[in-house]
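The values are calculated or read from the model by the stated rules, or taken from the named source; none is laboratory data. Since the model is a prediction, treat every value here as computed from it, not as a measurement. With ideal geometry, Cβ positions are generated from the backbone for all residues, glycine too; neighbour counts draw on all protein chains shown.
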Amino acid sequence: MVELITGLRADDVRANLDRVRSEISEAGRDPNEVQILAAVKYVPVDELEVLADAGLQLLGENRAQDLVAKAEAHPGRFTWDFIGQLQSRKVKQVLPHVRYIQTVASDSALGQLERHGTSSTEVLVEINMAGEAGKSGIAPAELPGFLERCPVRVVGLMCMPPLADEAEASRPHFAALRELAGEHGLEHLSMGTSQDYLVAVQEGATIVRLGTSLYRGGSS
């Protein structure tokens, strides 16, 4: 069982955030062009104010019920994205609270977006770049048809490359996602986590989803 991240200190988180921004700059990107999303799956609701004090405003949650609870506990305090595996029956639940659903990848989700989305609803499509069996995301070749069927505005693509020991192993997948987004005129690339975000940044990420690299040194 994964332990919750507790005992966070704003000074520690702020120092980590500053370090990440410096590393993004050293990687050749303008830090203002890369959104840092704090993944809070294991951060309890009563620790979120520490993240706000540290300067984090964009949060991502993997579980629909937790996203709703955390958003309602801090109304208007944060911008939320849904970043977990999307169950179509949860679309209606998360839509009122999120900026983007980043993990749209099924026709059943499209059906729920058609029923419950609005003219302001925006999403990212999750791509299974490596064709891993049992993993969420559509195949790259399916994207054109998927975009045609999507009833709301698609603003970008998201991917999770295969687990690897070295960050460089993710580079081909990130580069391919960038090319795919470019082919379809999509602005956002949500790619890169604490393990490989600098490679993702070098390959054009506009959103990186970070957890331990932000919380390191600040948990007990």
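Key figures for this structure:
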{"quantity": "Wholly within segment 50-149, helices (runs of 4 or more DSSP H) carrying at least 1 residues that are of a type in the set (A, V, I, L, M), modelled with pLDDT of 95 or more and over 25 Å from A176 (Cβ atoms)", "calculated": "64-73, 91-94, 107-116"}
{"quantity": "Extreme residue, surrounded by the most Cβ atoms within 10 Å (Cβ to Cβ), among residues of segment 59-89 that are in contact (Cβ under 8 Å) with a residue 40 or more places away in the chain and among the hydrophobic types (A, V, I, L, M, F, W, C)", "calculated": "I83"}
{"quantity": "Filter result (out of contact with any Pro (no Cβ under 9 Å at 6 or more places or on another chain), surrounded by 23 or more Cβ atoms within 10 Å (Cβ to Cβ) and either modelled with pLDDT under 95 or within 16 Å of V104 (Cβ to Cβ) (or both)) within segment 182-208", "calculated": "L189, S190, I207"}
{"quantity": "Residues of segment 1-58 that turn out to be touching a Pro at 6+ places or on another chain (Cβ under 7 Å), among the basic types (K, R) and touching a residue at least 24 places away in the same chain (Cβ under 8 Å), as a count", "calculated": "0"}
{"quantity": "Verdict on L51 being over 17 Å from the mean Cα position of the chain (by Cα), buried (at least 22 other Cβ atoms within 10 Å of the Cβ), of a type outside the set (F, W, Y) and more than 22 Å from V123 (Cβ to Cβ)", "calculated": "no"}
{"quantity": "Of residues in segment 160-172 being crowded, with 23+ Cβ neighbours inside 10 Å and closer than 18 Å to T103 by Cα, the one nearest to the chain's Cα centre (by Cα)", "calculated": "M160"}
{"quantity": "Unique residue being crowded, with 20+ Cβ neighbours inside 10 Å, more than 16 Å from the chain's Cα centre (by Cα) and at negative phi when the list is L56, L8", "calculated": "L8"}
{"quantity": "Failed item in (1) of a type outside the set (S, T, N, Q); (2) touching an Asp or Glu at 6+ places or on another chain (Cβ under 8 Å); (3) surrounded by 19 or more Cβ atoms within 10 Å (Cβ to Cβ), with V20 passing the rest", "calculated": "(2)"}
